[in-house]
Every structure is written in C-alpha cells, then in structure tokens.
Amino acid sequence: MKPFTYLDGLVCPLDRANVDTDAIIPKQFLKSIKRSGFGPFLFDEWRYKDVGQPDMDCTHRPLKTDFVLNQKRYQGAQVLLARDNFGCGSSREHAPWAIEDYGFRVIIAPSFADIFFSNCFKNGVLPIVASAEIVDQLFRECAAQPGYRLRVDLETQTVRNPAGEWFQFDITPHRKHCLLNGLDEIGLTLRHADEIKAFEKKHQAAQPWLFV
Amino acid sequence: MAGKTLYDKLWESHIVREEADGTCLLYIDRHLVHEVTSPQAFEGLRLAGRQAWRSRSIVANPDHNTPTDHWDEGIKDPVSRLQVETLDANIKDFGALAYFPFKHANQGIIHVIGPENGATLPGMTVVCGDSHTSTHGAFGALAHGIGTSEVEHVLATQTLVAKKSKRMLIKVEGKVGAGVTAKDIALAIIGKIGTAGGTGYAVEFGGSAIRDLSMEGRMTLCNLAIEGGARAGLVAPDEKTFAYLEGRQYAPKGQAWQDAVAYWKTLKTDADAKFDAVVELDAAKIEPQVTWGTSPEQVLPVGAKVPNPAKEQDPIRRSGIERALQYMGLKADTPLSEISVDKVFIGSCTNSRIEDLRAAAKVAKGRRKAASVKQVLVVPGSGQVKRQAEAEGLDKVFIEAGFEWREPGCSMCLAMNADRLEPGERCASTSNRNFEGRQGAGGRTHLVSPEMAAAAAIAGHFIDIRSF
Ligand code: SF4
C-alpha cells in the first residue's frame with residue numbers, strides 16, 4: 001500500500017448524494033480477477049456514452065462531456081468532493097481500487113457508507129468526514145475558483161483551503177499509523193498470532209460446536 | 001451496571017484484543033466465500049506465502065456469475081468462467097469446510113446456503129465479501145459484509161480489525177395485515193430511516209411483529225438491514241431459530257446441540273440494556289411497498305402516487321427525486337398501480353427461499369402472466385430450495401402461469417450472468433437494490449415482495465395484493 005502523508009491536490013466536485021458503488025464501478029468490472037486497472041472505468045455510466053467492458057481501451061470512447069470528471073478544469077484532480085452517504089451499496093473493494101487507480105487519494109464528504117469507508121484505508125485512500133457546512137463551503141469555493149486546491153496533512157489531521165482557512169478531521173490512531181507508513185494490516189495482526197491462538201483455544205472450549 | 005444488548009454480547013465474546021482507542025481484533029467463526037470478491041484475496045495470500053488460518057471456517061460457492069439455464073452448456077462468458085474456475089482452484093489450494101461448485105446439487109446463493117446447511121449458527125461471527133451478509137443476523141449471529149482486503153485478512157488471521165458500532169433498536173409492534181410481508185416491513189423501515197439511517201449502527205430488530213416472522217422472513221429483514229445503512233442486523237434467537245436449525249448438516253448434534261441451545265438462549269438483550277437509538281413502527285400501519293426511484297429509500301405504499309419534486313423543499317432531495325424520475329422514466333403524481341412492467345424477477349438472497357416461492361406460487365396458481373410482460377424469471381436460492389419447490393409442484397404452477405423456472409444463483413439481482421434488463425426495461429423485482437443499472441445498464445427496477453411481484457406479472461402493472 002502506498003503511504004499517505006501529505007497532499008496538495010486539485011479538487012473535483014461531485015455534487016450528488018448517495019453515490020453508490022454500482023455508480024462508482026459498474027458490476028461488469030467485478031468479473032476481473034485483478035486488482036488494478038479500474039481507473040479508466042471509474043463512474044463508467046456517468047462518464048461515457050457507451051457501456052464499458054473489462055479490458056476495453058477507453059482512449060477513444062465517446063464522453064459525456066458535462067460530467068465533472070470529463071471537464072478540463074478538473075483533469076488531474078486528486079481530491080474528490082462529495083455529498084452524503086458516499087459509497088453506499090455493495091462491499092466491492094473495486095470501488096476504492098477504481099478511485100485510487102484514477103488518481104484520487106482523498107475524498108471529502110459529510111458522510112460515507114461504512115464498508116466503503118473502511119475499504120478506503122486499506123487502499124491508501126483517505127476518506128475525510130467534514131460537516132455539511134464545511135462541505136457546502138468547499139463546493140462553493142471550488143465552483144468559484146478554477147484550479148481550486150486543498151492541502152491535506154494527515155500528520156496534523158488538517159485540510160487547508162487556498163485562503164489559509166483550515167479544519168481538522170478525525171481518524172483512529174491505528175488507521176493513521178497504517179496509512180502514514182503504508183503498512184500491511186495482515187502483517188501487523190500476525191504479530192498477535194499467539195493471542196489469536198490463545199483466544200481460539202478458549203473459544204473452542206466454550207463453544208465446541210463452532211469448530212466442526 | 002446496565003445490562004447488555006445482544007450486539008454487546010456477541011461483540012464481547014469475540015474480542016481477541018482491544019487497543020486503547022477501542023479498535024478490536026475480532027475473532028471470526030464463519031467465513032463465507034464467493035467468486036467475485038475473493039480472487040484478489042487469495043492472490044494476496046499466495047504472494048505473501050501465507051496459509052489460510054482455519055480453512056474449516058470457510059463455506060464457499062460460486063453464485064454471481066453462474067448461469068441459471070442450460071447448465072449442460074457450462075458458463076459461456078469466458079470472463080465469468082475464469083472467475084468461477086479461479087474459485088475452484090483457490091478452494092482446492094486453501095481448503096474449506098464445505099464447497100459447492102457450479103452445478104453441485106446444493107449450490108446456490110451464498111446467503112441462502114449458509115443457513116440451510118446449518119453453517120450459520122446463533123452466537124457466531126459471520127463475514128463474507130458481500131454486503132448482504134447481514135442476512136445471517138436473523139439467527140442472532142453477528143454478521144456483516146467486508147471488502148476484499150478484509151477477506152484476505154480473515155483468511156490469513158481468522159480475525160478482523162474492527163470498531164464497535166453504536167446500537168440501534170428497531171421495534172415493530174403489532175400485527176401486520178394480510179398481504180404484508182417481511183419485505184414490506186423492511187422497505188417501510190428503510191423508507192422511514194433512509195438509506196443512511198443505520199450508518200454506524202448495528203441494528204437489532206425487535207417487537208411482536210418481528211417475533212411473528214418465520215426464519216425466512218427474518219432473513220429477508222436482516223438482508224435489507226444494509227440497505228438502511230446498517231452493516232449488521234440482528235434478531236435474537238428463539239424457539240423458531242432452534243427448530244429451523246435442528247438436524248441441519250453443520251448444526252451441532254446430540255449433547256452438543258443441548259449445550260448449544262442452552263447457550264443460545266442467553267443471546268438476547270437484557271431488560272435494562274440501553275440502545276443509542278430506538279426507532280418504532282406500528283406493524284398494523286405498514287402496507288405493501290413499491291420503490292419508485294433509484295434508492296431503496298425511495299419507496300411508498302402501493303396505493304400512493306409517484307412523488308412530485310416540486311413539493312420537495314430540500315434542494316438536494318428535490319434534485320435527487322428529479323434525477324430518479326428521469327432515470328426511471330416516470331411522471332410525477334402517477335399512481336404506482338398504473339405503472340406497467342416489462343419483466344419480473346423473483347429471486348435473490350432477499351426473497352428466493354422456499355417460503356418466498358410458495359407465496360409467489362399461491363398468487364400465480366391458475367393464472368397467466370399478462371401478454372405485455374416479456375419475461376418472468378423465478379430463480380430459487382439454492383439447489384435444496386429448488387428440489388423442495390419441485391417436490392411441492394411449485395415449478396409446475398410457475399410454468400403453467402408462463403413464468404420461467406430456472407437453476408439457482410444470483411441471476412438478475414445484479415445481472416452479472418446473462419439474465420438482465422435491456423435499457424429502458426422496467427422490472428418488478430424481489431431483490432434488494434434498485435440502483436441505476438443494477439439489473440442491466442439502463443434497466444429500471446422496482447423492489448417489491450414475492451407476492452407483489454407475482455401479481456404484477458399477472459396484471460401487467462403494479463397492483464395491491466390485498467385486492468388481487
Ligand atoms: S442475490 Fe444479489 S444481493 Fe444477494 S449475494 Fe447475489 S448479487 Fe448479492
């Protein structure tokens with residue numbers, strides 16, 4: 001996993017609530033047995049006039065030009081600004097894979113769906129929950145200022161706008177540690193293998209029927 | 001000291017270790033695996049040279065990509081076939097307690113086969129790389145969906161890094177009227193709390209209307225907990241739960257059964273326990289539900305009309321309604337009962353168990369689908385459900401009504417196989433998601449109960465099952 005420390009990134013506003021994982025990456029891409037290469041298919045139905053298929057070359061596909069991701073001013077964006085309940089729907093990790101592969105490292109929204117939220121951390125994407133007022137303000141500023149960027153600092157847990165205003169976001173120390181260092185969570189957990197074994201023994205003694 | 005909720009008990013009995021910030025390492029008893037969300041996880045294990053920690057916790061089968069007809073011809077789509085064959089190979093390499101490969105007599109939708117084989121038990125932690133894992137909460141198991149990285153984590157460590165959710169009680173008291181099913185209760189709840197209403201919560205369903213539900217009904221209800229934003233839904237185990245499980249293949253036997261039941265009886269919320277949120281519904285007021293939009297919260301009783309965005313004050317909600325109506329090809333203020341359907345789908349992990357098929361067959365018996373309806377698919381949830389239905393002659397009822405009787409699988413719930421809607425087609429579906437494109441690009445989905453779906457197939461449009 002790529003570590004995440006600090007980012008000064010262009011912002012792309014996606015002004016819709018309840019953006020679900022089917023919209024983020026449609027199901028035909030779930031047939032892949034790979035975990036990379038999903039970026040060109042991010043928001044496939046909203047982005048292209050035709051229907052994407054896995055392994056398709058996207059360079060000449062007809063674009064829906066009014067969709068934000070296709071607008072010139074947002075090319076190269078690394079921060080996705082979104083509305084309530086972003087990432088609802090299925091547990092597919094292809095959603096954060098597609099978001100990361102496209103180039104986004106940060107998503108800011110008033111709320112996220114649970115599974116999507118935790119999937120992000122496992123893939124080097126930082127989801128930030130900000131109040132509805134702050135998100136509103138960011139949407140307004142982003143619309144008004146071409147080239148609008150935000151500075152996201154994980155160490156201090158802050159997001160700073162071009163005017164120098166900033167807000168702080170929450171993250172658990174564990175997630176922060178893993179993200180800052182790009183750590184593999186399995187390796188971390190296996191350091192506690194003895195504790196897992198001890199628990200398993202006790203658990204089996206108490207509920208032997210779970211261990212058929 | 002205040003008492004504990006069922007969720008507290010399940011959580012606490014699985015903590016391997018807890019960090020100062022409350023992050024826990026939670027032991028996982030049952031790991032359900034299917035072909036779509038597991039290949040990258042097994043690949044990760046291989047790359048790191050790791051084994052499965054306890055392969056006998058694994059119950060697996062392919063379901064999303066498998067065709068529902070012409071099984072003799074195998075899986076024609078090469079991409080789908082590769083994914084299914086990859087699962088075969090992974091299970092062969094890493095092991096499992098039970099594996100039901102494509103065409104196995106007991107293959108089916110993973111959330112149907114877990115319970116029916118007794119592989120889902122009260123008091124367990126159950127995970128699967130699939131959000132509808134919440135289904136298994138119907139047994140008083142702490143069950144929720146996980147992502148592929150977590151699938152790999154559970155495979156390698158038998159644990160999950162997790163933080164405790166808040167506790168919500170959704171209480172439905174009273175008796176539901178005739179024609180009102182678990183699906184309608186669930187949709188009414190989602191209509192009330194919204195698709196994000198349960199976010200951050202583990203939901204326990206309680207109240208007399210929930211106790212009255214069969215195990216099948218409770219599975220339907222918990223299945224839809226995720227559509228209300230809650231990762232886990234729970235119903236405390238009771239005599240119905242025990243009666244359902246007794247004698248099933250992986251359920252305990254003999255003395256172990258007695259011991260297990262004694263323990264399972266303690267799995268309920270203490271009288272003095274506190275919830276962080278309580279939502280109450282009156283069962284008698286719940287009517288048969290139909291979704292009209294592209295989110296499960298966009299739902300109304302069948303007697304209602306399509307909402308008018310002009311009447312919505314909140315601008316984000318208003319544009320949400322406008323976008324939904326445009327996608328769904330609906331005009332504001334149209335009575336739901338005047339909306340005609342092109343296809344009907346009866347199936348999915350929400351409504352493909354024997355009770356669902358019986359309910360649909362009861363409506364279809366002696367009738368025929370409307371000529372305007374192009375296709376009615378009936379897809380049983382598993383091989384066992386299929387055999388049971390055939391033993392009861394339900395397949396004949398469906399076929400005589402002009403419905404198609406298929407092989408088990410996810411089918412048109414998410415259209416990863418050949419069963420799908422064409423652009424613009426409208427479907428009455430017993431599945432769980434009416435998102436844009438869910439049942440095929442450009443397809444329009446209305447979520448309903450099996451009874452309401454069968455009635456729509458016959459009438460050609462939505463119709464109140466109570467007057468049918
Ligand atoms: S039936 Fe539908 S919701 Fe259920 S597991 Fe299959 S695809 Fe997912």
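Give the carbon-plus-sulfur fraction of the accessible surface of segment B:231-335 in %, rounded to a whole number; probe 1.4 Å, heavy atoms of protein chains only. The C+S portion of the solvent-accessible surface of segment B:231-335 is 50 percent.
Burial here means at least 30 square angstrom less accessible surface with every protein chain in place than with the chain by itself, probed at 1.4 Å; in segment B:224-260 the buried residues are B:ARG231. The alpha-carbon of B:LYS305 sits under 19 angstrom from the alpha-carbons of these lysines, leaving out residues fewer than 8 places away in its chain: B:LYS192, B:LYS285, B:LYS331. Within segment B:418-465, the residues that become at least 20 Å² less accessible when every protein chain is included than when their own chain is isolated (1.4 Å probe; DNA, RNA and ligands ignored) are B:ARG433, B:PHE435, B:GLU436, B:GLY437, B:ARG438, B:ALA441. Carbon-plus-sulfur accessible fraction, segment A:6-181 (probe radius 1.4 Å, protein heavy atoms only): 50%. Give the residues of segment A:9-34 whose amide nitrogen is closer than 18 Å to a point set 7 Å from the Cα of A:ARG140 in the direction of its Cβ. Within reach of a label on A:ARG140: A:13-16. Legend: mean number of C-beta atoms from other chains within 10 angstrom of residue C-beta atoms, peptide B:140-148, equals 4. Once R0 is set to 35 Å, what does the formula 1/(1 + (r/R0)^6) return for the Cβ-Cβ distance between B:GLU239 and B:ILE15, expressed as a FRET efficiency to the nearest 0.05? My answer for the efficiency is 0.75.
If the chain linking A:LYS202 and A:ARG160 were pulled fully straight, counting 0.36 nm for each residue of separation and taking away their Cα-Cα distance, it would gain 10.2 nm. When the Gaussian network model of chain A links Cα atoms closer than 10 Å, the mean-square fluctuations of A:LYS49, A:LYS64, A:LYS202 top out at A:LYS202.
Check each of the GluC sites (Glu not before Pro) in segment B:372-468 and keep only those in coil by DSSP with at most 15 other C-beta atoms within 10 angstrom; list them in order. Hits after loop and neighbour filter: B:GLU392. Placing a label point 7 Å from the Cα of A:ASP170 along the Cα-to-Cβ direction, the residues of segment A:119-145 whose backbone N falls under 11 Å of that point are A:129-130. On association of chains A and B, roughly 5200 Å² of accessible area becomes buried (total for both chains; probe 1.4 Å). With a 10 Å cut-off around each Cβ of A:61-69, the average count of Cβ atoms from other chains is 0. What nm distance separates the two modelled labels at B:GLU404 and B:ASP88, each placed 7 Å from Cα along Cα→Cβ? My value for the distance between the label points is 2.4 nm. The residues of segment B:68-86 listed by number as losing at least 30 Å² of accessible area in the complex, against the isolated chain and with a 1.4 Å probe, are B:VAL79, B:GLN83. Calculated translational diffusion coefficient of the protein assembly as shown (25 °C, 0.890 mPa s; Stokes-Einstein with Kirkwood radius over alpha-carbon pairs) equals 97 µm²/s. Helices that extend 20 Å or more along their long axis by alpha-carbon positions and average at least -1.0 on the Kyte-Doolittle scale are, among the DSSP H runs of chain B, B:78-94. Beyond 30 Å in Cα-Cα separation lie the following of the pairs A:LYS2/A:LYS72; A:LYS27/B:LYS396; A:LYS31/B:LYS171: A:LYS27/B:LYS396; A:LYS31/B:LYS171.
For chain B, the mean residue ellipticity at 222 nm estimated from helices alone is -9000 deg cm²/dmol, where every DSSP H run of n ≥ 4 contributes -39500 (n - 2.57) and the total is divided by all residues, rounded to the nearest 500.
Remind me, relative contact order of segment A:6-181 in percent, using alpha carbon pairs under 8 angstrom and six or more residues apart?
Reported relative contact order: 26 percent.
Could you provide, to the nearest whole Å², the per residue accessible area of the protein assembly as shown with probe 1.4 Å?
About 36 Å² of surface per residue is accessible.
For the residues A:ASP194, A:ASP15, A:ASP101, a GNM of chain A with alpha-carbon springs under 10 Å puts the largest fluctuation on A:ASP194.
With one equal scatterer per alpha carbon and no solvent term, the Debye-computed log10 I(q)/I(0) for segment A:85-180 at 0.18 1/Å reads -0.88. Taking GluC sites (Glu not before Pro) across segment A:128-212, the ones in a DSSP loop with at most 12 further Cβ atoms lying within 10 angstrom of their Cβ are A:GLU155, A:GLU165. Applying a DSSP loop filter and a limit of 15 other Cβ atoms within 10 Å to the trypsin sites (Lys or Arg not before Pro) in segment A:151-196 leaves A:ARG191.
Suppose the chain between B:ALA2 and B:ASP212 were pulled fully straight at 0.36 nm per residue; how much longer would it get relative to their current alpha carbon spacing? Each step should come with its number before you reach the end.
On the way: separation 210, 0.36 × 210 = 75.60 nm, distance 2.80 nm.
Contour length minus the Cα-Cα distance gives 72.8 nm.
Here A:TYR6 and B:SER319 are evaluated by their C-beta separation; at R0 = 30 Å the FRET efficiency comes out at 0.30. Rounded, prolate or oblate: which fits segment B:96-248, taking a ≥ b ≥ c as square roots of the Cα gyration tensor eigenvalues, rounded meaning a/c under 1.5, else prolate when a/b beats b/c? Oblate. Rounded to two decimal places and with Rh computed the Kirkwood way over Cα pairs, what is Rg over Rh for segment A:71-125? Ratio of gyration radius to Kirkwood radius: 0.96.
The values are calculated or read from the model by the stated rules, or taken from the named source; none is laboratory data. This is a predicted model, so every value here is computed, not measured. No Cβ is skipped: glycine too gets one built from the backbone with ideal geometry, and neighbour counts run over all protein chains shown. To get the accessible areas, we keep the full protein, side chains included, count just its heavy atoms, and leave off ligands, DNA and RNA. Shrake-Rupley method; radii C 1.70, N 1.55, O 1.52, S 1.80 Å.
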